[in-house]
Amino acid sequence: MSLIDVENLTLQFKTDEGLITAVDNVSFSIAPGEVMGLVGESGSGKSVTAKSLMKLNPGNAVYAPESRITLHLDNGPVDVMSLKRPRDMEVVRGGSVSMIFQEPMASFAPAMTIGSQMVEQLLIHTDMSKKQARELSIEMLDRVGISDASTRFGQYAFEMSGGMRQRAMIAMALSTKPKLLIADEPTTALDVTIQAQVIDLMKDLVTDFGMGIIFITHDLGVVAQTADKVAVMYLGKMIEQGPVREVIRNPYHPYTQGLIDALPQLDDLDKPLMPVPGDIPSPLERPEGCVFHTRCGKIIGDVCRTVAPGWSDTGENHRTACHLCHEGQSA
Amino acid sequence: MSTENLIETKDLSVGFPVGGKIFNKSVLKAVNDVSLSIPRGSFFGVVGESGSGKTTFGRALLNAAPITGGSAHYEDGDVSYDLGKLTGSELKEYRRRAQLIFQDPYAALSPRMTVRDIIAEPLEVVGLCNSREEVDERVREIANLCRLNLEHLRRFPHAFSGGQRQRISIARALVSKPRFVVADESVAALDVSIQADILNLLKSLQDEMGLTYLFISHDLSVVAHTCDHVAVMYLGQIMESAPTRQLFRSPRHPYTKALFSAIPSLDPDDHGKAQKLEGEIPSPTNRPTGCQFHTRCPFAIDLCKREEPRMETCEAEHSVTCHRWRELQLAD
């Protein structure tokens, strides 16, 4: 049984320039213990999609009525879309779903110690006493590899290095034992050496805690190392999804292929770097038809410019939204 | 100095005073005794973690960080400058010849200036053109080289995507026809699909304008693809320096090796068998004794804790700062 089901999620932002579609008819589900990599360029809507799961988007966000997000908890399913009051949201926010943000400096309150922030959330979400919460927090800090955890517990975010802050962030997110963890570019701001440490840590934690993870990143190498399955987004649309080996070894969609070709690889230094031509269009000027057609090198005529492609099976559990699938030709 | 090198540094150090009070004043050495030669026309890479001093090194070569020890020389045809002692008109001329491309194209462009004014500003500051027409002509020329539409020149930066902004930023750096360009993490803020485009652009501009780049990056795979020569920095010192292919084929320093093995592989079944680095880069105010890297080095012995290794040449153009480079077999 899946942990979370997202069906037909569509989200628009009301702005002065008009309605901007940030997420367009996105569906996926995650099983307990499964890691889904959500990949795309900036502006592809990956963060907005993840934040929707906790309804964390700003007030000008409009969810389409057919959007469904169902979280399967121990005591029955929760329809996230129907939660209105902040009190009801507590079940989801920080309770069964936790989030790790990209910039650990910006996501800790600067004037509170790391420890008091960790204890605060535990007091809200569990019925622990202050003493228990403190003990658990120190234990979690220790668990994520922070040495001298009880001293660190009393320190402020600015006293820690980037890698340590991100570890503390992970410890904090996991201390409430969430069912689902959303990690929004958790390693992007870190050095490669520290990134490797954080990735290893997260892999260990998945095995220990058995939670589902949505791992948002633009780095396909990080996805290959962490995820079980991958979903690729472009301009708010999900364009390809499938098991990680399938998608990385046999990418079907021209955009996924482009992303992989653009990646500098160490085993072949002579291979020229192939950028995906053009720039992401402004969200105000969303292309008609297939959203990728303005940059696609394999366009097959007017159908790409006018008709939005539906899903086609391109392998086992591997789906792609591209007109090339119907042509019966391999892209 | 040899005529092939555009820039040569000898024991270059950059220090910043820290601690306000008179008695606990100390000097933080961000760059510590760096000796490097940057050949003319090369794409010279500097890699390292944050806090390794790579940015400060780049800035020192642009005369934008105080050189507190050693020397740096710039030599190009009939001009030769000692970068520690530039003043007046010499400094102005050096500013024209040496330019910087910043990391974040969203922060580097003034939102209140049109693209034309942004690109033209260096010309006006250095006083390179005599008339407005001449400036416009030069701006159009460089915009063309950087694949910007002439249409774009009248707009403001907010109308552009990250990749386009970085092209504007490059056009601004190159408009004064510099000889030496420091590109400080110039693709780090960009998406992969755009990153390749900017790297290709930098390469083609190098051929067209005869530039020499100092390319600062933390991303080894980007460096591997663009640079001819790479220097690896750690805590303000050069740990290893070699032609790119040689460095990647046979790294000699354990730190270089560790940096390579930290790169996430695109193959889901390859989990990086090589050693991973524990811990983090120490603070430069509290440097380790002996070899700077010994606190994280899996091969450290007593000697490494006691004595600082010197940079040694192990092959032509390949030098390494490690006590044990002769005995360690790092290449796989």
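What follows draws every value from the coordinates through simple rules; no lab data is involved. Just so you know, these numbers come straight off a predicted model, no measurement behind them. Every residue, glycine among them, receives a Cβ derived from its backbone with ideal geometry; neighbour counts consider all protein chains shown.
Legend: mean number of C-beta atoms from other chains within 10 angstrom of residue C-beta atoms, peptide B:152-161, equals 1. Compactness of segment B:74-178 is given as radius of gyration and Dmax, 14.6, 43 Å, from Cα positions. Peptide A:192-204 has a mean shielding of 5, counted as Cβ atoms of other protein chains within 10 Å of each residue's Cβ. Each part gets one Cα centre, and for segment B:207-241 versus segment A:267-331 those centres are 34 Å apart.
Just list whichever of A:Lys271/B:Lys54; A:Lys84/A:Lys203; A:Lys14/A:Lys237; A:Lys203/B:Lys276; B:Lys203/B:Lys257; B:Lys92/B:Lys177 have alpha carbons separated by over 23 Å in the model shown.
A:Lys271/B:Lys54; A:Lys84/A:Lys203; B:Lys203/B:Lys257
Taking chain B, the Cys residues with no second Cys beta-carbon under 4.7 angstrom are B:Cys129, B:Cys146, B:Cys227, B:Cys297, B:Cys314, B:Cys322.
Counting Cβ atoms of other protein chains within 10 Å of each residue's Cβ and taking the mean over peptide B:254-264 gives 4.
Per residue of chain A, the DSSP helices (runs of n ≥ 4 H) give a summed -39500 (n - 2.57) that works out to -8500 deg cm²/dmol at 222 nm. Ranking B:Asn144, B:Gln246, B:Gln292 by how far each Cα lies toward the positive end of the dipole of chain B (charges on Cβ) leaves B:Gln292 at the top.
With contacts taken as Cα pairs under 8 Å at a separation of at least 6 residues, chain A carries a relative contact order of 20 percent.
Distances longer than 22 Å among the Cα atoms of segment A:25-111: what percent of all pairs is that?
Pairs farther apart than 22 Å: 33 percent.
In debye to the nearest 20, how big a dipole does chain A give about its Cα centre with +1 on each Lys and Arg Cβ and -1 on each Asp and Glu Cβ? It comes to approximately 760 debye. For a straight C-alpha distance cut-off of 20 angstrom, the lysines reachable from A:Lys131 (same-chain residues fewer than eight places away being disregarded) are A:Lys177. Dipole size of segment A:106-177 about its Cα centre, with +1 on Lys/Arg Cβ and -1 on Asp/Glu Cβ: approximately 60 debye, rounded to the nearest 20.
Take every Cα pair under 8 Å in chain B that's 6+ residues apart, average their separations, divide by the length, and report that relative contact order as a whole percent. Reported relative contact order: 20 percent. Peptides A:229-240, A:60-71, B:34-45, ordered by how many other C-beta atoms sit within 10 Å of their residues on average, highest first, read A:229-240, B:34-45, A:60-71.
Restricting the calculation to alpha carbons of segment A:256-325 gives Rg and Dmax of 14.4, 40 angstrom.
In the calculated pair distance distribution of the protein assembly as shown, what percentage of Cα-Cα distances lie above 37 Å? Cα-Cα pairs of the protein assembly as shown separated by over 37 Å account for 43 percent.
Scoring A:160-166, B:167-173 by mean Cβ neighbours within 10 Å over their residues and listing the highest first yields B:167-173, A:160-166. Using alpha carbons only, the radius of gyration of segment A:132-192 set against its Kirkwood radius gives Rg/Rh = 0.96. If only the Cβ of Lys and Arg carry +1 and only the Cβ of Asp and Glu carry -1, the dipole of the protein assembly as shown around its Cα centre is close to 1420 debye.
Please list B:84-93, B:278-287, B:206-215, B:221-230 highest first by mean number of surrounding beta-carbon atoms within 10 Å per residue. Please list the in-between numbers first.
Values: B:84-93: 12.0, B:278-287: 14.9, B:206-215: 18.6, B:221-230: 22.2.
Taking the mean over residues of other Cβ atoms within 10 Å, the ranking is B:221-230, B:206-215, B:278-287, B:84-93.
Helix B:132-145 and the longest principal axis of the C-alpha atoms of chain B enclose an angle of approximately 50°. Toward the positive end of the charge dipole of the protein assembly as shown, with +1 on the Cβ of Lys and Arg and -1 on the Cβ of Asp and Glu, the farthest Cα among A:Met128, B:Phe160, B:Val222 is that of A:Met128.
Taken as Cα centroids, segment A:1-34 and segment A:81-136 sit 24 Å apart, rounded to the nearest whole angstrom.
For segment B:39-56 and segment A:167-231, what is the centre-to-centre distance using only Cα atoms, to the nearest Å? Comparing the Cα centres of segment B:39-56 and segment A:167-231, I get a distance of 30 Å. Computed over segment A:256-325, relative contact order equals 20 percent, with contacts defined as Cα pairs under 8 Å that lie 6+ residues apart. Under 13 Å Cα-Cα from B:Lys10, which aspartates and glutamates qualify once same-chain neighbours fewer than 8 residues away are excluded? Output for B:Lys10: B:Asp33, B:Asp82.
On alpha carbon coordinates alone, what is the Rg over Rh value for segment B:237-332, Rh being the Kirkwood radius?
0.97
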